[in-house]
Amino acid sequence: MDSTASSLRSRRHDAGQRCRWRGEIEGRRLLVRVCYDDIGSVQHRYYALDEGRRPVRRRHDVDTVMHFAAFTIVPESVEQPLKYYLNNTAHTRTLLECCVEAGVQHFVFSSTAAVYGMPPGGVAAEDSPTAPINPYGTSKLMSEWMLRDVSASSPLRHVVLRYFNVAGSDPGGRIGQCTPQATLLTKVAVEHAVGKRPHVSIFGTDYPTPDGTGVRDYIHVEDLASAHLKALDYLRDGGASATMNCGYGHGYSVREVLKAVERAAGRPLVVREEPRRAGDPPVLIAKVDRIRELLGWQPRWDDLDAIVGHALAWERRLLERGA
Ligand SMILES: NC(=O)c1ccc[n+]([C@@H]2O[C@H](COP(=O)([O-])OP(=O)(O)OC[C@H]3O[C@@H](n4cnc5c(N)ncnc54)[C@H](O)[C@@H]3O)[C@@H](O)[C@H]2O)c1
């Protein structure tokens with residue numbers, strides 16, 4: 001997957017552009033088309049249906065859609081819930097409609113641990129109750145429900161991947177996160193470590209956790225990419241629609257992550273302690289038996305120092321490029 005991503009993401013794309021990549025990854029022949037348009041726009045519908053309103057699949061033989069696009073900032077979703085329900089939920093509905101019209105057979109959806117809210121003991125299995133505590137989580141859960149209902153009423157089959165906290169970067173240093181004004185802890189911490197930010201904040205030091213800071217299950221982006229390839233194989237082999245957690249089954253506190261960044265950077269960070277943010281649960285850790293059983297997924301990078309080291313290496317590379 002990382003080679004797909006490097007091919008596709010090594011160039012910057014503006015809205016309205018499309019990109020095509022054909023090749024082989026881990027023995028699978030793939031033709032990948034990436035659409036950089038707003039997935040909810042009317043314009044997008046015409047990419048899914050060509051000028052003669054014939055489904056694109058007939059022209060391009062699209063059999064699988066992997067749907068990553070979303071707004072993702074929890075505090076922003078608390079302040080502007082309708083922005084999230086429009087983009088994450090309503091636009092996913094539009095995309096699903098296009099997929100049904102075009103006869104797409106497989107759909108892999110980027111969902112989130114936020115659908116669980118605050119599970120008892122902080123550990124969530126796929127059949128744990130879903131009770132999101134912020135609009136971001138609710139917007140994703142509603143998309144999951146639409147997907148379930150569409151799969152029940154059409155030939156489409158899906159895998160919902162509920163990501164826990166994605167972190168790290170391509171171990172080969174070719175690609176990484178470039179999101180402006182990122183809010184994810186590891187990204188913010190490595191930006192501070194290379195001097196792009198004056199400090200890094202801890203939001204909440206009074207949680208009922210061993211050191212008072214929030215605990216999360218951090219998954220290396222490379223392992224997440226391999227889970228997507230496994231999900232693709234699973235669906236193409238006839239696997240039934242399923243929902244799977246993507247995490248390692250154990251967590252680290254915010255302070256532990258910051259200590260790992262200090263080890264990687266070889267210097268102390270300037271840490272500012274701030275009040276809790278709205279919508280953050282104290283602990284969120286995945287139960288991961290299902291993805292291992294159904295997909296045979298085996299993570300390679302379950303190592304906080306590796307995750308943080310790769311993120312820092314990427315940030316240094318961005319700095320060299322003036323980005
Ligand atoms: N990063 C994580 O820890 C994490 C955890 C759980 C779930 N996820 C999910 O993974 C996916 C990717 O997250 P990310 O962390 O890379 O976020 P990101 O913000 O870096 O990337 C999301 C991308 O989606 C694009 N986008 C948003 N709305 C769009 C639309 N209507 N049409 C087309 N493009 C649109 C954005 O421009 C952005 O490039 C999201 O669906 C997110 O909910 C991420």
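Please treat every number below as a calculation from the coordinates, not as lab data. Just so we're clear, the structure is a prediction, and the values are computed from it rather than from any experiment. Cβ: placed from backbone, ideal geometry, glycine included. Neighbour counts: every protein chain shown.
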Check your understanding: Measuring from label point to label point, each 7 Å out along Cα→Cβ, what is the Met66 to Arg93 span in nm?
Key -> 2.8 nm
Review point. Cα centroid distance between region 245-263 and region 177-238, in Å?
Key: 9 Å
Check your understanding: With a 10 Å Cβ neighbour count serving as the proxy for reagent exposure, in which order, fewest first, do His250, His192 appear?
Key -> His250, His192
Revision key, fill the gap. Quick calc: nm separation of the 7 Å Cα→Cβ label points for Ala125 and Gln298 -> 2.5 nm
Revision key, fill the gap. Amide H proximity to Ser111 below 5 Å, modelled H, separation 5+ or other chain, gives Leu161, Arg162, Tyr163
**Study point:** Net lengthening on full extension, Asp289/Glu79 (0.36 nm per residue, minus Cα-Cα)
**Key:** 72.1 nm
Exercise for review: Please check which bits of region 289-304 a label hung off His250 would reach, taking the label as a point 7 Å along Cα-to-C-beta and the cut-off as backbone N under 13 Å.
Suggested key: 302-304
Point to revise | Nitroxide proxy distance, nm - points 7 Å out along Cα→Cβ at Glu320 and Val271 | key: 3.0 nm
